[in-house]
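As structure tokens, the structure follows; a few thoughts come after it.
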Amino acid sequence: MIEIETPCRGKKLSARAHFSGEDLWVLVSGGDLEHIGSVSLAVPRASLTGDGTDRATVSTLNATGHKDDHIGNRFASALCSAFRCRVSVSCGIHFENLDQGGIAEVVSIAMKLLVELENGLDDLRREIKN
């Protein structure tokens with residue numbers, strides 16, 4: 001299990017992840033109110049362009065009116081492609097009264113969190129295999 005936190009607009013964003021066999025479970029949450037806003041499931045596949053790169057197909061369940069999938073799907077797709085395994089991401093981030101600039105800031109910080117998580121999971125997976 002790995003947990004990473006980062007400050008965001010006076011609150012925190014966090015990502016927790018755990019390998020379960022060959023699969024990966026991820027929780028992304030934070031802000032004023034952690035919750036379940038979306039659940040994304042990514043399944044690895046070859047790129048449709050035929051160039052041999054790894055990609056992912058993502059299926060999403062959203063709570064009515066929530067837009068957490070914009071972050072959750074990016075986590076699911078990126079981690080699925082990186083680790084070539086099924087990835088389930090539950091995402092719930094809420095900040096009160098954000099304008100477009102605030103939303104862009106939260107997404108940018110979440111993407112930095114994704115990079116940190118991917119690097120930490122890469123190290124964790126190597127430890128597990130040894």
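Modelled spin labels at T49 and D32, positioned 7 Å past Cα toward Cβ, are 4.1 nm from each other. Restricting segment 1-44 to GluC sites (Glu not before Pro) that sit in a DSSP loop and have at most 12 other Cβ atoms within 10 Å of their own Cβ leaves E22.
Under 16 Å from a label point set 7 Å out along the Cα-to-Cβ vector of T6, the amide N atoms of segment 64-94 belong to 71-76, 78-79, 92-94.
Computing FRET efficiency as 1/(1 + (r/R0)^6) for I103 and H18, where r is the C-beta to C-beta distance and R0 is 25 Å, gives about 0.30. Lys and Arg at +1, Asp and Glu at -1: add these up for the other residues within a Cβ distance under 14 Å of I2 and post the number. After counting each charged neighbour, the total is -4. Compute the acute angle (0 to 90°) between the alpha-carbon long axis of helix 100-129 and the principal axis of greatest extent of the alpha-carbon atoms of the chain; round to the nearest 10°. It is inclined by approximately 30 degrees.
Ignoring everything except DSSP H segments at least 4 long, calculate the 222 nm mean residue ellipticity for the chain; use -39,500 (n - 2.57) per segment, divide by total residues, nearest 500.
On the way: 2 runs with 45 residues, N = 130.
That calculation yields -12000 deg cm²/dmol at 222 nm.
3J(HN,Hα) along segment 78-88, derived from phi through the Karplus expression 6.51 cos²θ - 1.76 cosθ + 1.60 where θ = phi - 60°, amounts to 5, 5, 4, 5, 5, 9, 6, 8, 5, 10, 10 Hz, with x in place of Gly and Pro. In order along segment 23-28, the Karplus-derived 3J(HN,Hα) couplings, from 6.51 cos²θ - 1.76 cosθ + 1.60 at θ = phi - 60°, round to 9, 10, 9, 9, 10, 10 Hz, and Gly and Pro are given as x. Summing charges over all other residues whose Cβ lies under 12 Å from the Cβ of L98, with Lys and Arg as +1 and Asp and Glu as -1, gives -1. Share of pairwise Cα-Cα distances greater than 27 Å in the chain is 18 percent (whole percent). Rounded to the nearest whole angstrom, the semi-axes of the ellipsoid equivalent to segment 1-60, taken from the Cα gyration tensor as √(5λ), stand at 28, 14, 12, largest first. Taking every DSSP beta bridge that has both ends in segment 21-130, the antiparallel portion is near 65%. Each residue of segment 30-35 was assigned a 3J(HN,Hα) from its phi angle through the Karplus curve 6.51 cos²θ - 1.76 cosθ + 1.60 (θ = phi - 60°); the sequence is x, x, 6, 8, 6, 6 Hz, with glycine and proline shown as x.
Only the coordinates and a few stated rules stand behind these numbers; no lab work does. This is a predicted model, so every value here is computed, not measured. In this analysis, Cβ positions are derived from the backbone assuming ideal geometry, glycine residues included, and neighbour counts consider all displayed protein chains.
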